[in-house]
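Peer 1: Sharing a structure, written as structure tokens. Questions coming.
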Amino acid sequence: MLLNTISNALSTLSEPWWKIFYDFSSLTQAIDEGLRSSLSPFWAVTIEMLIIGVVFLLFYALIGLFLVIAERKVCAFIQNRLGPNRIGPYGLFQTIADLVKLLFKELIPIKNADGFLFNLAPYIVIIVNFMVLAALPYGKGLHAIDFNIGIFYVIAVSSMSVIGVLLAGWSSNSKYSLIGAMRSGAQIVSYELSIGLAIITVVVLAGSMQLSEIVEAQRTGWFIFKGHVPAFLAFIIYIIAGTAETNRGPFDMAEAESELTAGYHTEYSGIKFAFFYLAEYINMFIVAAVAATLFLGGWMPFHVGNWEGFNRIMDFIPPFFWFFGKTFFVIYLIMLFKWTFPRLRIDQLLTLEWKYLLPINLVNVLIMAFLVLMGWHF
Amino acid sequence: MNSIIQYFKEIIQGVGSLLKGMRVTNRYFFSPGKIVTQKYPNNRKDLVMFERFKGEVVMPHNESNEHKCTGCGICEINCPNGTIEVISKTIITEDGKKKRVIDKHIYRLGMCTFCALCVKTCPSNALAFSQEFEHAVFNRALLIKTLNKPGSQLMKGVE
Amino acid sequence: MEEIIKEVVIDEQEEYTINMGPQHPSTHGVLRLVVSLKGEIVKNIEPHIGYIHRGIEKMCESITYPQIIHLTDRMDYLSAAINNEAVCLAVEKALEVEIPDRIKIIRTIISELTRIQSHQLFWASYGMDMGGQTCFFYGLRDREKVLDIFEETTGGRMIVSYNCPGGLMYDIHPNFQKRVKEFIKYFRGVLWEYDAILSGNVIFRERTIGIGRLKLEDAISYGITGPSGRASGFSCDIRKQEPYSAYDRVKFNEVLYTEGDTYHRYLARIEEMRESMNIIDQLIDNIPEGPYFVKMKPVIKLPEGEYFQRVETARGELDVFIKSDGNKNPYRVKFRSPNFVNLGVLNHISKDFKIADLIAIAGSLDFVIPDIDR
Amino acid sequence: MTSNQLMFILFSAMIVVFSILTVTTRRILRAAAFLLMVLLSTSGLYFMLNYQFMAAVQLTLYAGGIVVLIIFSILLTSHISQKFEPVELKKSIFSALAAVAGAILCILTILDYSFSATTVAAQEVNMKLIGKSLLSVDYDGYVLPFEVISILLLAAMIAAIVVAKKGGPAKTKTPTLN
């Protein structure tokens, strides 16, 4: 019945199917109308929620698996290696095999651990990820919720992922885990400031917190070009702070394997470990996606002034692909950080935040506000 | 004022050094020709080991199943950890003389440290290293090898 | 943040201990460090060794001199050829054998190649300790080329067993000179990457400069040798002080720094790779023709007495002491291994630093655990 | 029943259950975790009301800020094996009475107020409006409370630094953050 409704809805689409890639709103509206016409509002909403839930579950798993293999391949190429090359063409199914392995692995119970919190922690991290993913604009009209306060919501929700890490570290009843959790707590809490301020710089430029409006405001030019130096600085700071926020790259103090073996998830095994592992990659995706949305124009194609022909060609690439292209570019940057730099020490990490990023950021916001007041941006 | 200049100088120098490192890694990412990985089990056919590679000790036999081992036991004496055991037997040759020849030359690959003393000290050059390096077996007993082939004989002219 | 952790420690204890090892990613083997921590500050380190003790010195008493060589390979497996050389030199000294130039020069080249590959692995694993995993693969990529040279000539990659009393096991491979020259050319070309990725990196410098400072007098009194000692200004290069093999005929600088911190211990090794390449440059074209071994008696018996030989391995001074009672087996063999002595200073220089610094300091001392335990 | 009602019931049930769990659990970090759930459910209610700004503030300040702070201080001070003693009977009776009295008072007050059903659909609050009123000096502007709270927080921060510094400078060779 449900499938019928959806296929009916699809058949009412006036445009050819590939046009969907340019504007998803017609598709989503068609499904919505189809459901509402044949069902009571309660069931219509429930089914819509279910569809979105399933889509995000799939999306989450796919992105996670893809990013893991991507990271392994990227780091392999950086290090003059081939990377996974056994399972599937070019080893592309390696992560699926890994996932299956992790699913079947024993979940080792920890003596004297706080079982409830120990089991809860990975889910907190995962749920937070889902909540953020729902608010991102993936393409034109491809938006689960378009909040008025979009970007504020993203910061608010992502600030909670640290709780999962802290709980995991504490409840494992292991010293390595506890030190890892402490470090990551200090790190995430302080780098949130930088992320927030970098985002505020963009919000000042855009004049809105709604993600769809922010993207729309970049129709005439991406913010990284529009807001010249301050926007560029904010972008750099955002990338650095975002890398730190996801416990990655040179900032992976929380799991520093040469010091703390694996930090806060030392004691986790099997699928619960996989949750943390996956969450780290989804976090990276979120950071990159937000960077792409705020600074690189989201799903907006790249336009240059009045080169009509060039702009026309750019418009041919669907917005969906623009979004993911930009996101993966930022992800590549973040991976490059991780595979190039040695790890910082915990006090250097905090020095970097409080002595360098934060003051520069504050001044940067001021400059940006001044630019916007004077109307000096493009 | 000086400290402010210092502050920004530090930042610029730091970022510069980071970019330098990223240039190296980025360049390698985009140069797939530099990949050094060998796809090992796939390249078995054209994988050539160096001729001196110490894979395992073997006793070369010629076409007529003859080896050069006289059973003197010098390799056994020289082996630092008892890897080699030479079991000889006495046979009566055609002209009626008693002669000691090798019965079994036992080589325990699992204990070998590849010091090459046996190969080097062998007076008749009966032993050599092969380039075989895939030694993994499921049963440890398979690592105990008899180097002289069944029915093999001492090469003519080797004493 | 640090402050808070320091004062309100878990379970209201002042200090708590963490077992680092025997299995830990950054102890490079089976070293166990019992670390007392106050927050993240290291208060005391107690190394527990012996997890890989094989009794090499005792084993030497029951085997002949040529057989000892293969055991020395397995002490400091990264300086295998240099360890071999030490025993060979001691035996040759005892027997008063005149060693031809060809052997001396080949030994020196192999030793310096060993030193280079050891420092390459140091660079690789040190980068890994500091969290830069790419260093590990670049280091191993370059080391592979040295190992190929070894494999072609000696038949072994790490465990070479190339020296023997009276000379060498085999003559050098015909390709040897060509390949060594190719390697030197290649390695000179990629050494700047080492600086770009690690030495010059601001994060790395911040993490190592001024950390784990070892004073000159401490270096001398603890007997820290090798690049770690020379970074503190302790001129302890045996190659300069008691030249053996062909070191008296080459020109090279002893890498000396005065700072003695982690960064300079690291830098000393990088510079030593350059110096080693200079030494090889001077020798590689001047290998005279001749035999590759001196004919020795089939059973080597050392005259009664005590014999001593010092060599400079990649990690410091290796001393071999042989006491012979005239038999074909030594009466007693003692190795003064550099790693065991260098480990002794770890507690002294890493006190009051953070646990992350401990990793950096321990890494910069460049331990090879089998050499500590023997 | 509409989906709105269902969600409302779900959220309120979560709030009630987790509140009770928060005060009855004998492990301190679990209490913090349950408190987090309560705060999350509350912000869920705000989201239902389409009052997203408030919901996000609830998330950042309470869930992301206060609870993290609480958990952090628990991490620093208590060990995993610590449990609270069960409360004495007398104490629990008194606190139950106090709670019931408080609940009765609240319920009476709520019942006293006649909630007129509105037909207007919930509207999203304009962000610009919130921003302007936060910085306005008019009668309904919030600039004065905003500043007062800022000064209060500043004072608290300075006090925290002073308290933390009491032990004297750390005797470490590396610079620590202060």
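The values are calculated or read from the model by the stated rules, or taken from the named source; none is laboratory data. Since this is a predicted model, take the numbers as computed values, not measurements. All Cβ positions, glycine included, derive from the backbone under ideal geometry; neighbour counts span all protein chains shown. What goes into the accessible areas is simple: the full protein's heavy atoms, side chains included, and nothing from ligands, DNA or RNA. Shrake-Rupley method; radii C 1.70, N 1.55, O 1.52, S 1.80 Å.
Peer 1: What about residue C:193, is it modelled with pLDDT of 85 or more, farther than 30 Å from residue C:294 by Cα, outside any loop (DSSP other than H, G, I, E, B) and within 14 Å of chain A (Cβ to nearest Cβ)?
Peer 2: Here the answer is yes, as residue C:193 does meet what is asked.
Per-residue answers, yes or no, for (1) facing chain D (nearest Cβ under 9 Å); (2) open to solvent by 10 Å² or more (accessible area, probe 1.4 Å); (3) in contact with a strand residue (DSSP E or B) (Cβ under 8 Å, 6 or more places away or on another chain):
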position	(1), (2), (3)
A:163	yes, no, no
A:172	yes, no, no
A:181	yes, no, no
A:184	no, no, no
A:194	no, no, no
A:206	no, yes, no
A:212	no, yes, no
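Peer 1: Anything in the stretch D:26-61 that is of a type in the set (S, T, N, Q), within 9 Å of chain A (Cβ to nearest Cβ) and without any contact (Cβ under 8 Å) to a residue 60 or more places away in the chain? List them, or say none.
Peer 2: Across the stretch D:26-61, the qualifying residues are D:43, D:58, D:60.
Peer 1: May I ask you to list pairs of residues, at least six apart or on different chains, whose Cβ atoms are under 9 Å apart, with the first in the stretch D:1-23 being away from every other protein chain (no Cβ under 13 Å) and the second being basic (Lys, Arg) and in a helix (DSSP H, G or I)?
Peer 2: D:22/D:30
For (1) under 16 Å from the mean Cα position of the chain (by Cα); (2) among the hydrophobic types (A, V, I, L, M, F, W, C), each residue gets a yes or a no:
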site	(1), (2)
C:111	yes, no
C:115	yes, no
C:125	yes, no
C:131	no, no
C:136	no, yes
C:140	no, yes
C:144	no, no
C:154	no, no
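Peer 1: Tally the residues that are part of a helix (DSSP H, G or I) and at the interface with another protein chain (Cβ under 10 Å from one of its Cβ atoms), restricting the search to the stretch C:196-231.
Peer 2: Here the count works out to 11.
Peer 1: Tell me, please, whether a residue that is under 19 Å from residue C:170 (Cβ atoms) and in a strand (DSSP E or B) can be found in the stretch B:107-117.
Peer 2: no
Peer 1: Follow-up question, since we're still on this one. Name the helices (runs of 4 or more DSSP H) wholly inside the stretch C:42-102 in which the number of residues that are on the phi < 0 side of the Ramachandran plot, crowded, with 16+ Cβ neighbours inside 10 Å and without any contact (Cβ under 8 Å) to a residue 60 or more places away in the chain is 2 or more.
Peer 2: Hits in the stretch C:42-102: C:65-72.
Peer 1: Another question, then. Report, by residue number, each residue of the stretch C:1-30 that is under 24 Å from residue C:128 (Cα atoms) and either facing another protein chain (nearest Cβ under 10 Å) or at pLDDT 75 or above (or both).
Peer 2: Of everything in the stretch C:1-30, those that are under 24 Å from residue C:128 (Cα atoms) and either facing another protein chain (nearest Cβ under 10 Å) or at pLDDT 75 or above (or both) turn out to be C:18, C:19, C:20, C:22, C:23, C:24, C:25, C:26, C:27, C:28, C:29, C:30.
Peer 1: Restricted to the stretch C:254-304, and to residues that are open to solvent by 20 Å² or more (accessible area, probe 1.4 Å) and among the aromatic types (Phe, Trp, Tyr), which residue is modelled with the highest pLDDT?
Peer 2: It comes out as C:257.
Peer 1: Any chance you could count how many residues in the stretch A:94-150 are open to solvent by less than 60 Å² (accessible area, probe 1.4 Å) and not aliphatic (A, V, I, L, M)?
Peer 2: Result for the stretch A:94-150: 18.
Peer 1: Within the stretch A:334-355, track down each residue that is open to solvent by 40 Å² or more (accessible area, probe 1.4 Å) and of a type outside the set (S, T, N, Q).
Peer 2: Once the filter is applied, which keeps residues that are open to solvent by 40 Å² or more (accessible area, probe 1.4 Å) and of a type outside the set (S, T, N, Q), the stretch A:334-355 yields A:352, A:354, A:355.
Peer 1: To continue, here is another question. Do the conditions hold for residue A:140, that is, is it more than 9 Å from chain D (Cβ to nearest Cβ) and touching a Pro at 6+ places or on another chain (Cβ under 6 Å)?
Peer 2: Spelling it out, residue A:140 is indeed more than 9 Å from chain D (Cβ to nearest Cβ) and touching a Pro at 6+ places or on another chain (Cβ under 6 Å).
Peer 1: Now for a different question. I'd like the full set of residues that are of a type in the set (Val, Ile, Thr), at negative phi and modelled with pLDDT under 85, limited to the stretch A:231-261.
Peer 2: Hit for the stretch A:231-261 is A:246, nothing else.
Peer 1: So, restricting to helices (runs of 4 or more DSSP H) that lie completely within the stretch A:228-321, which ones have at least 2 residues that are open to solvent by 50 Å² or more (accessible area, probe 1.4 Å)?
Peer 2: Answer list for the stretch A:228-321: A:228-245, A:270-295, A:308-316.
Results for (1) out of contact with any strand residue (DSSP E or B) (no Cβ under 7 Å at 6 or more places or on another chain); (2) part of a helix (DSSP H, G or I); (3) closer than 30 Å to residue C:197 by Cα, shown as yes or no for each residue.
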residue: B:13; (1), (2), (3): yes, yes, yes
residue: B:45; (1), (2), (3): yes, no, no
residue: B:80; (1), (2), (3): yes, no, no
residue: B:99; (1), (2), (3): no, no, no
